[in-house]
1. Can you say what percent of the DSSP beta bridges in segment 203-383, counting only those with both residues inside, are antiparallel? Round to 5.
2. Using only the alpha-carbon atoms, what does the chain span along each of its principal axes? Please give whole angstrom values in decreasing order.
3. Among S259, S291, what is the fewest-to-most ranking by other Cβ atoms within 10 Å?
4. Extension gain E75-E114, at 0.36 nm per residue separation less the Cα-Cα distance, in nm?
5. A 27 angstrom limit on the alpha carbon distance is what I want to check against. Which of K220/K362; K20/K100; K220/K304 exceed it?
6. Check the straight Cα-Cα distances from K108 and name the aspartates and glutamates below 15 Å, setting aside those fewer than 8 residues away within the same chain.
7. Over 26 Å between Cα atoms: which of K10/K402; K10/K376; K243/K267; K51/K109 fall into that group?
8. Let me have the 222 nm mean residue ellipticity of the chain computed from DSSP H runs of 4+ only, each contributing -39500 (n - 2.57), with the sum over all residues rounded to the nearest 500.
Amino acid sequence: MKIQFFGATKTVTGSCFLLKAENHSILIDCGLFQEDEKEYLNYEPFTFNPKKIDLMILTHAHLDHSALIPKLVREGLRCKIITTPATKDLLEIMLFDALKVQKNENYKKPLYDEENIYRALKQIETLPYQRTLKFNEIQITLFDAGHILGAATVQLNINGKKVVFSGDIGRSGYPILRDPETPEEADWLVLESTYGNRVHKSLDESINELVQAIKDTFQKGGNVIIPAFAVGRTQDLLYILNKTVRQGLLQPVNVYLDSPLAEEATKIYLSHPELFDDEALREMKNSNRLSIKLHFVKTVEESKKLNSIKSNAVIIAGSGMCQGGRIVYHLYHNIDREECSIIFAGFQAKGTLGRKIVDGEKEVSILGKMLPVRAKVYTIGGFSAHADRDELLKWIQSIKTKPEIFLVHGEAEVIEAFKNSIEEKFGFPCRIPERLSVYEI
């Protein structure tokens, strides 16, 4: 057997891995590179032949794992695409939104068209968690990864040898979704490492920091701007804000969700209560209780009207890394106001506008204009939907076998630190693949 790595190597985005086993070629994920210096790779020809892929498996709907699937179809992918039912539902809205963003950027030709998306969706076959699909001699099982709705960890059983692709692993005790599951056995493990060198603040600490940031900002007469990923982070934040109001920690504040994609994703979340944890199910049954004043902002004209609101508004918009979308305009109108706050609740890739703000740059370019960063910037890591170092180590510990590990989906220095942690704690062999590297397993 062989594994080849085409993305997410010493970087966080662009997940794409090819497993060759039993004369079959199985592709795991095919996502967008979102770091500035790697974006050109999205437009390069694939370094494998999509026509020769026998099966594809998608771990979840986030674009750094899924967005190049229509490009695969355009280039000749005709096999089945296996994923969970919830991921299929989310993928449709994600891919069409990604195409719309590509068209609006204008400076490059879109990577694919609507017909490629429709064809990709027709090739999907859904597989619920904990069910096993037989693909010739190979058995495929998906486990709940707890990252976003429908996210999966993939286990392939090949003649008794088990290859596991972690996908993105979520956090135990996090809102809405159930805790991540761990396959009991793995001989080889391709493992995400996004936060492999740090420990998040607790959820309670993070909620308290969020509440205090909103109170302080409103007291100063400003707005709270939250860049958020439309799928996952937005739903978590709305749930948490509602909970703080019901607990009396916040007054029923005005929250503007300026993302049609996030609104659609929220509806899909609500259509899959079978994936919720017990607390979220109880909250759904008490929907008439006190809550935030939530406003869905649908049109561009409605979005522009928010520019006239100068205080006491929480504005949640995408894109989560501030590389495009309506969040850019809200930053443009608020980032130079010292009474305002910007709250980052998710990972910011190198080279993105979000990362520049988080890293403390005094001036940033927004819509072609250099603007001073006067707003107060908060980074609340406890809201991350990615497991931290200790949670990842605990996840590994739940595996009863001793796998050889390939570390992906992390920045180079993070992966190196995480490798040291794994080897020190477990003594498992760890590899750090380069892009296009091939390993015999």
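1. 15
2. 64, 44, 40
3. Going from sparsest to densest Cβ surroundings: S291, S259.
4. Residue separation times 0.36 nm, minus the Cα-Cα distance, leaves 12.6 nm.
5. From the list (K220/K362; K20/K100; K220/K304), the Cα-Cα distance tops 27 Å for K20/K100.
6. List returned: D36, E39, E44.
7. The answer is K10/K376.
8. Helices in the chain give a 222 nm mean residue ellipticity of -9000 deg cm²/dmol.
Since every read-out is calculated from the coordinates, none of them should be taken as a lab result. Since the model is a prediction, treat every value here as computed from it, not as a measurement. Virtual Cβ from ideal backbone geometry, glycine too; neighbours counted across all protein chains shown.
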